[in-house]
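Q: The structure's right below; bear with me while I get my questions together.
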Amino acid sequence: MDDEPAVREAYRHVLAGQKDFAASDGMNALALELFGDDDAGGGHVAARRDAVFDVHFASQGLDGVAMVHTALERDDPFKVAFIDVRMPPGIDGRETARRIRAIDRNINLVIVTAYSDHSATDIAAVAGPADKIFYINKPFSNEEVRQMALALCQRWDHDTGQLELLRQKIAELATSEARARHAALHDSLTGAANRMAFLQELSCRVARGDTDYALAILDLDRFKHVNDTFGHGAGDDLLIAVHDILHDQLPERGMVARLGGDEFGLLLPTAGLEEARTKCARMIESCSRSFSIFGNSVRIGASCGLMMPKDLPCRDASELMRCADLALFAAKRGGRERVCLFDAAMDESQRFRQIIETGLRHAIAGDELALHYQPIVERNDLRTVGFEALLRWNSPDHGPISPAVFIPIAEESGLIDDLGEWVLNRALNDCRDWPGLFVSINFSPRQFKRANFVEWLDAHVAQAQVTPGNVQIEITETAIFEDTEWAADVLRELHSKGYRIALDDFGTGYSSLFNIKNFSLNCLKIDKSFIEGLGHDKHSAAIVSSIVHLARALGLNIVAEGVETDEQCQMLRLTGCSHMQGFLFGKPAAAAQAAAAHADSLPGTNDGTSRAGVIGR
């Protein structure tokens, strides 16, 4: 781009005609600066013949800007633009460079002038980055222009090639994640949504406050007889046929999912109870008939538990599912092949919840709670690197009570704050006796969302005289999904202080590539439901492999939970899983027992046999 015809003709002579020239030391130095010292030519640009360029000319800046825009639209962009700074009467070279850069981020700009009203810094500020702006003073030599054009064209080819490779890798990673998420949310046999997807959809409807739908759980009667008599292949074909029937009768905006075994979940848009009852009765009738399986006539039935979410406001998805399950149990107990509506009289659990809440208050104040620790091992030599703290409650009235029972009740009643305080203090005190090991502590969504979570945690860690690097914070996806921006800030602050951060039960909630790359995490913990299928379920293996490769691409560690067999261990090691946890390496035990077991597993202790040697046999 130059307003003088003689200069444009000089460019034509230098660049558009066939030339024979050898690379100078200056050109070699320029190539070295642009490409580094690893090119095939050993850092030197080889002599070139037929260095003929496809050259286009413009006498004014606006014409040049238009040409760059047109070339991009044709998907044939320019690689280099030589721009004169002064081009009266139109826009000058600085403004031309600024407009071109706004259109094309990859083009190399060469500013050519004998003098300029603008400094190099001034031009770079509007047309940068600086590594894509170069300068030649007039009068220029033919060799200087020719070699500059050749070097920058080669650089453009190199940069765009690397960019294309990066795009391909990103696309492959996104495709891998999409496949893994599809497999994680769908039943491999019927192709229907699975329990996880069903709970996610139900949770979304609860969160939106939807009330114009019914929740039903349909279970097949006499299905076990089919499996026992004709084999699991016949049972699989029957499940596929039943799913197709339910799917064909599903109204618009409805959902059918295989919850597991011979149980299906249904979300049915409905105007009221009677319409919902009629739809469920019609589905039972369609399923309660004879099917031809492997040339045999097989008759089954179906029972259905029905509940209307609008009758139980302020209940979460798990509670609604529990109510539908109670209704299903009543339908089977009442004679099968019928629809049974949930009734409050079925819900005897409320009394039980009150007993648990009262007992838990006494347990926190008394001496009924305990922490057990399960080792987390490193993949190569299966060396223990830390312990996960697991809460136990042994009630004097009811015996051992599962955390799956009392933790949700503690969350709803507000006791989780006192419970969390007790767990944190005990875990920090215990880990002081484990030099070089970290303790992994679970925090509920309610704890994590407290306004002063970071300050609260810092105070307890300082009081226990433990370093943040010895503490791993385990949170679930639920804790960060509701307010991702706030959660990202909290995790970033915790990470900057040196705390380890683990995302627990990865793959069972709302995780996505977006979530992972935007949060300051150290590791992902693969839920044990995926590990259980290793060795006999190809879909579980595919999901685990995809999660491991995703984590490694993002520089994160992986902890596989629930490892119970040597086969699972070996498969995870081959997949590249960095850490493992499960009964294979040690059951949860009291602090002293866990520490002793760790000491016994070290090489050179007792009989000198390491854990890796034993498990690898």
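The values are calculated or read from the model by the stated rules, or taken from the named source; none is laboratory data. The shown structure was predicted, so the numbers you read here are calculated from the model rather than taken from an experiment. All Cβ positions, even for glycine, are placed from backbone atoms using ideal geometry, and neighbour counts span all protein chains on display. Ligands, DNA and RNA are excluded from the accessible area calculation, which covers all protein heavy atoms including side chains. Shrake-Rupley method; radii C 1.70, N 1.55, O 1.52, S 1.80 Å.
Q: In degrees, nearest 10, range 0 to 90: what is the angle between the Cα axis of helix 591-601 and the longest Cα principal axis of the chain?
A: It is inclined by approximately 60 degrees.
Q: Follow-up. Separation between the residue 125 and residue 418 pseudo-spin-labels, each 7 Å from Cα along Cα→Cβ, expressed in nm?
A: 6.4
Q: Please work out whether the stretch 326-431 counts as rounded, prolate or oblate from its C-alpha gyration tensor, where a ≥ b ≥ c are the square roots of the eigenvalues and a/c under 1.5 means rounded, while otherwise a/b larger than b/c means prolate and anything else oblate?
A: Verdict is oblate for the stretch 326-431.
Q: Follow-up question, since we're still on this one. Using the structure shown, select from 449/497; 224/310; 332/528; 497/517; 279/538; 169/517 the pairs with a Cα to Cα distance greater than 25 angstrom. List each step's numbers first, then the result.
A: Values: 449/497 18 Å; 224/310 34 Å; 332/528 31 Å; 497/517 19 Å; 279/538 36 Å; 169/517 15 Å.
Distance filter (> 25 Å) returns 224/310; 332/528; 279/538.
Q: What is the calculated FRET efficiency for residue 539 to residue 135, with r their C-beta to C-beta distance and R₀ = 51 Å, to the nearest 0.05? Kindly include the intermediate steps, with their values, before the conclusion.
A: Numbers: r = 59 Å, r/R0 = 1.16.
Once the sixth-power term is evaluated, E becomes 0.30.
Q: While we're looking at this one, here's another question. Tell me which trypsin sites (Lys or Arg not before Pro) from the stretch 453-510 have a DSSP coil assignment and no more than 16 other beta carbons within 10 Å of their own. Let's see the in-between values first.
A: Working: sites: 492, 497, 500; in loops: 497.
Those that pass, being in a loop and sparsely packed, are 497.
Q: At 222 nm, what helix-only mean residue ellipticity would the chain give, in deg cm²/dmol to the nearest 500, using -39500 (n - 2.57) for each DSSP H run of four or more?
A: Numbers: 24 runs with 294 residues, N = 617.
Computed mean residue ellipticity for the chain: -15000 deg cm²/dmol.
Q: Pick out, from 404, 491, 465, the residue whose Cα sits farthest towards the positive end of the charge dipole of the stretch 386-520, with +1 on the Cβ of Lys and Arg and -1 on the Cβ of Asp and Glu.
A: Selected residue: 465.
Q: Starting from the 7 Å offset along Cα-to-Cβ, what nm value, one decimal, do you get for the label separation of residue 463 and residue 343?
A: 5.1
Q: What accessible area per residue comes out for the chain, rounded to a whole number of Å², with a 1.4 Å probe? All intermediate terms of the calculation are to be shown ahead of the outcome.
A: Numbers: 29650 Å² over 617 residues.
Per-residue value: 48 Å².
Q: Something else now. Would you mind checking which residues have amide H under 5 Å from residue 186's amide H? H placed 1.01 Å from N; only 5 or more apart, or other chain.
A: Residues meeting the amide H criterion: 194.
Q: Can you give the relative contact order of the chain as a percent, counting alpha carbon pairs under 8 Å and 6+ residues apart? Please list the in-between numbers first.
A: Values: 948 pairs, mean separation 53.0, N = 617.
RCO, the chain: 9 percent.
Q: Which percent of the accessible area of the chain is formed by carbon and sulfur heavy atoms (probe 1.4 angstrom)? Show your work: numbers first, answer last.
A: Numbers: 15060 of 29650 Å².
Here carbon and sulfur together make up 51 percent of the probe-accessible area.
Q: Want the number for residue 357 to residue 402: 0.36 nm per residue separation, take away the alpha-carbon distance, what's left?
A: On the way: separation 45, 0.36 × 45 = 16.20 nm, distance 1.35 nm.
Additional length available on full extension: 14.9 nm.
Q: How much length, in nm to one decimal, is gained on full extension between residue 489 and residue 252, taken as 0.36 nm per residue of separation minus their Cα-Cα distance?
A: This chain segment gains 81.3 nm when fully extended.
Q: What's the center-to-center distance, using Cα atoms, between the stretch 49-116 and the stretch 419-435 in Å?
A: Using only Cα atoms to place each centre, the spacing works out to 66 Å.
Q: Continuing with the same structure: Counting only GluC sites (Glu not before Pro) that are in a DSSP loop and have at most 10 other C-beta atoms within 10 Å, tell me the longest site-free stretch of the chain.
A: Values: sites that count: 252, 348.
With a cap of 10 other Cβ atoms within 10 Å, the longest stretch comes to 349-617.
Q: Compute the length gained on full extension between residue 204 and residue 364: take 0.36 nm times their separation in residues and subtract their Cα-Cα distance, giving the result in nm to one decimal. Write out the running numbers ahead of the final one.
A: Working: separation 160, 0.36 × 160 = 57.60 nm, distance 3.41 nm.
Stretched fully, the residue 204-residue 364 segment lengthens by 54.2 nm.
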